[in-house]
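Let me begin by presenting the structure, written as structure tokens, before commenting on it.
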């Protein structure tokens, strides 16, 4: 299933209200609390348009971002031209580089796009391959108990962007046996009440359960350090927490 094709050009406009600075602050809190070594180098898997990679680089980290969508990377290079050579087009489930990092991150539910067990294990092994022993792997994902309790529902979002209006409609379809949700997007770009562009795209997302995550990580030589609500390292997970944060250490 191809994702982030035409949708990529609307991505930053739709998420300009996302607090990337707060999320980078949270990452630094994780680094400070769970890493025994100073974090200097970061591999950002599924970096998208650079929403985390660019501000982390501006904070002094050496960041390489990887994404399989060339359209998303084109947006990232436009925003972060001073680090354009540090964005790499590749599939995170099988990329191998001849370098290791202090931390690997996969932000904004990137791991939930790993809808097959093979793809999930591939992405986890990619993270382990690029970490030194003791290195940290951090990702967030959809938390199964919350998804089953709250249930995905139809919704819409409207954002103003440089005088244009972006309207996104979402219709989800859940598959209980596969632990996935087909998120069907329709995005309209309007100007002066006229539709000038329209995109339909489906993103299949996977939701996870704690024992499942622990199993896959342990099979790839990781030790789970913490499962918590995203942005709340001091809290325990409940069925009200849609976004799960995972902190694992390479053995």
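All of the numbers you see were taken from the coordinates with simple rules; none came from a lab. These figures come from a predicted structure and were not determined experimentally. Glycine gets a Cβ as well: all are built from the backbone with ideal geometry, and neighbour counts include every protein chain shown.
A few notes on this one:
- Virtual spin-label span in nm between residue 25 and residue 94, 7 Å along Cα→Cβ: 4.1
- Residue order, fewest to most beta carbons within 10 Å, for 137, 209, 101: 209, 101, 137
- If the chain linking residue 196 and residue 116 were pulled fully straight, counting 0.36 nm for each residue of separation and taking away their Cα-Cα distance, it would gain 25.2 nm.
- For the stretch 188-242, the spread of Cα positions along the three principal axes, ordered from largest to smallest, is 53, 26, 17 Å.
- All Cα-Cα distances of the stretch 99-203, cut into 5 Å bins from zero to the largest, leave 2, 10, 15, 16, 14, 12, 12, 11, 5, 2, 0, 0 percent in each bin in turn.
- Whole-number percent relative contact order across the stretch 146-205, with pairs defined as alpha carbons under 8 Å at least 6 apart: 26
- In terms of its alpha-carbon gyration tensor, the stretch 35-96 comes out oblate; a/c meets the 1.5 threshold, while b/c is at least as large as a/b.
- For the stretch 146-205, the square roots a ≥ b ≥ c of the C-alpha gyration tensor eigenvalues yield an a/c of 1.5 or more together with a/b exceeding b/c, which makes the shape prolate.
- Placing R0 at 25 angstrom, the Cβ-Cβ distance between residue 209 and residue 16 gives a FRET efficiency of 0.15 after rounding to 0.05.
- Take every pair of alpha-carbon atoms less than 8 Å apart whose residues are at least six positions apart; their mean separation over the length of the chain yields a relative contact order of 19 percent.
- Tilt relative to the chain, helix 70-79 - C-alpha long axis, 0 to 90 degrees, to 10: 90
- Helix 20-34 vs. the chain, principal-axis angle (Cα, 0 to 90°, nearest 10): 10
- Here Cα Rg over 2.2 N^0.38 Å was computed from the coordinates, and among (1) 1.13; (2) 0.99; (3) 1.41 the match is (2).
- C-alpha long axis of helix 117-129 to longest principal axis of the chain, angle in °: 60
- The chain - mean residue ellipticity at 222 nm from DSSP helices (-39,500 (n - 2.57) per run, n ≥ 4, rounded to 500): -8000 deg cm²/dmol
- Using 0.36 nm per residue and subtracting the Cα-Cα separation, the extra length available between residue 33 and residue 157 on full extension is 41.1 nm.
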